[in-house]
1. Give the residue, chosen from Tyr354, Tyr329, that is touching a residue at least 12 places away in the same chain (Cβ under 8 Å) and under 28 Å from Ala111 (Cβ atoms).
2. Could you tell me whether Ser91 is at pLDDT below 85 and either open to solvent by 40 Å² or more (accessible area, probe 1.4 Å) or not aromatic (Phe, Trp, Tyr) (or both)?
3. At least 2 residues that are basic (Lys, Arg) in each: list the helices (runs of 4 or more DSSP H) lying fully within region 228-268 that qualify.
4. Could you list, in sequence order, all residues of region 182-223 that are modelled with pLDDT of 80 or more, closer than 20 Å to Gly122 by Cα and surrounded by fewer than 23 Cβ atoms within 10 Å (Cβ to Cβ)?
5. Scanning region 302-334 for residues that are of a type in the set (D, E, K, R) and open to solvent by 10 Å² or more (accessible area, probe 1.4 Å), which turns out modelled with the lowest pLDDT?
6. Scan region 201-221 and report the pairs whose first residue is part of a helix (DSSP H, G or I) and whose second residue is among the small types (Gly, Ala, Ser) and modelled with pLDDT of 80 or more, with Cβ atoms within less than 8 Å and a gap of 6+ or a chain change.
7. Output the residue which, of all residues in region 390-404 that are open to solvent by 20 Å² or more (accessible area, probe 1.4 Å) and touching a helix residue (DSSP H, G or I) at 6+ places or on another chain (Cβ under 6 Å), is farthest from Gln257 (Cα to Cα).
8. Restricting to region 147-177, and then to whatever is over 23 Å from the mean Cα position of the chain (by Cα) and of a type outside the set (Ser, Thr, Tyr), can you tell me which residue is surrounded by the most Cβ atoms within 10 Å (Cβ to Cβ)?
Amino acid sequence: MDAGSRSDCQDFFLVAIGCMSVGFMWSWSSPFSMVLSQDKVNYDITEADTANFLIFQPLGMIFTSFFFFKLSEYLGTKKSIWILAIPHLISWIIVLFAVSKWDFYASRFMAGMGDTIFFCAGPPYIGEITTPKVRGYCGFIPVMATFFGSLLITVLGSYVDIKTTSYICMVPSLLFIGLMSFLPETPHQLIKDGKLEQAKSSLKWLLRKPDIEEDFLSLKADVEQQLADGGTFRNLVTISNNRRALRAGLLLRCGQQFSGVSIFLNYAQMIFQMAGSNLSPQISSIIFLTTSGVCGLACSAGIEKFGRRPALTLSTAGCGVILLVMSVYFALDQYHVIPLDALSWFPLAGMLAYVMMFSTGLGIVPTVMLGELFTGNMKYKSLAVLALAFGVAVFIASNIFTLLTTYVGLYGPFFVYGISCLATMVLGLKWVPETKGKTLAEIQLALKK
């Protein structure tokens with residue numbers, strides 16, 4: 001039995017503030033890469049220098065994944081996600097005083113450290129304070145907050161200077177530090193720490209009902225069973241349910257990144273500029289991110305109603321087909337096979353179609369499911385491995401974009417990302433379990449079969 005949350009999910013809006021900060025960090029490069037490379041008065045930074053922004057961010061993720069799991073086990077679920085704001089604040093402070101490319105690289109590295117904290121601590125917190133009935137609905141809130149942060153930083157970057165934007169973006173991190181103090185530690189973590197009375201109080205606060213004895217005893221039995229199974233890195237591969245959960249998690253995280261989403265968020269303005277859209281890169285990227293948020297909001301109910309696996313299958317298939325069609329368009333345009341002047345609207349339309357399909361599954365399912373797949377004793381170790389894989393995947397995907405765009409053309413990375421989406425669809429049907437409507441304990445039983 002997993003701890004529940006209020007049916008209206010309003011607790012999640014506090015967590016969403018931190019997620020919005022992640023969105024700021026993730027899409028900062030999209031507007032400001034162009035700003036920095038064009039501002040020769042205040043900065044001596046080239047386009048080649050700004051291309052490295054998306055390299056240093058995953059390097060920060062990779063570095064942090066090697067030790068954050070241990071810190072998380074010591075701090076507990078709530079405090080682990082609480083410290084998300086610290087590297088983000090440091091990153092913004094560095095930007096305020098930055099003058100060279102190395103200053104901005106350091107800022108991107110700190111942003112990556114914050115991303116690892118979010119990806120390691122966010123899913124467990126979401127999974128542990130929600131009931132199966134509302135976990136899918138509540139799980140989409142942090143995802144939507146991240147997309148809203150990406151949209152807001154894109155708008156700010158189009159109309160406000162770098163330092164003013166940094167001051168504005170520090171506000172959510174400061175609010176997050178203050179407001180998170182009002183949320184309780186999860187009952188799972190308190191039971192794990194032997195604080196049973198505090199666990200009861202937390203469970204009562206989350207479920208909003210006076211009599212929680214039956215829920216508490218069921219939860220306590222589940223947590224004790226999970227702890228009895230052992231919690232070493234070796235157990236990740238030697239115990240069948242852990243191994244299957246890790247395999248599914250790796251597919252979800254890597255498949256998500258090899259769909260190209262991080263590159264599209266970070267290089268949206270550059271892509272639209274290269275594609276020759278009849279709208280400005282700034283307006284095109286704002287439309288792109290607005291559509292992403294609206295579609296994610298609209299699709300969240302469908303994901304919870306029809307299940308994670310169908311949503312993932314539809315999303316990966318749709319994204320794959322759209323990216324391959326866009327690859328053909330860019331190839332025809334690059335080699336002047338046929339005149340495409342009348343189709344100058346197609347790059348923006350294609351990206352909007354892509355983000356619509358991405359929002360139906362790939363954008364939400366990984367975040368929701370990573371809080372469901374792993375037992376309490378394995379969650380931080382497994383999510384550290386997945387954060388490491390996430391960082392490596394972003395690093396590789398960004399280099400694929402840079403290298404193929406430079407030496408092949410814009411159609412190259414779109415083709416690779418499209419094939420990756422279709423491969424994720426096929427493997428997802430085989431490896432990803434359905435978790436809709438199941439408690440965390442029921443999911444573990446299903447993984448053992």
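1. Tyr354
2. No; evaluated as a whole, the condition is false for this residue.
3. The helices (runs of 4 or more DSSP H) meeting that bar are 240-257.
4. Scanning region 182-223 gives Glu185, Lys192, Asp193.
5. So, considering only residues that are of a type in the set (D, E, K, R) and open to solvent by 10 Å² or more (accessible area, probe 1.4 Å), the one modelled with the lowest pLDDT is Glu304.
6. Once the first residue is part of a helix (DSSP H, G or I) and sits in region 201-221, its partners that are among the small types (Gly, Ala, Ser) and modelled with pLDDT of 80 or more give Phe216/Ala199; Leu219/Ala199; Lys220/Ala199.
7. Among those that are open to solvent by 20 Å² or more (accessible area, probe 1.4 Å) and touching a helix residue (DSSP H, G or I) at 6+ places or on another chain (Cβ under 6 Å), it is Leu404.
8. This residue is Ile162.
The values are calculated or read from the model by the stated rules, or taken from the named source; none is laboratory data. Bear in mind the structure is a predicted one, so any value in this text is a computation, not a measurement. Reconstructed Cβ throughout: ideal geometry from the backbone, glycine too, with neighbour counts over all protein chains shown. Side chains included, ligands, DNA and RNA excluded: accessible areas come from the protein's heavy atoms. Shrake-Rupley method; radii C 1.70, N 1.55, O 1.52, S 1.80 Å.
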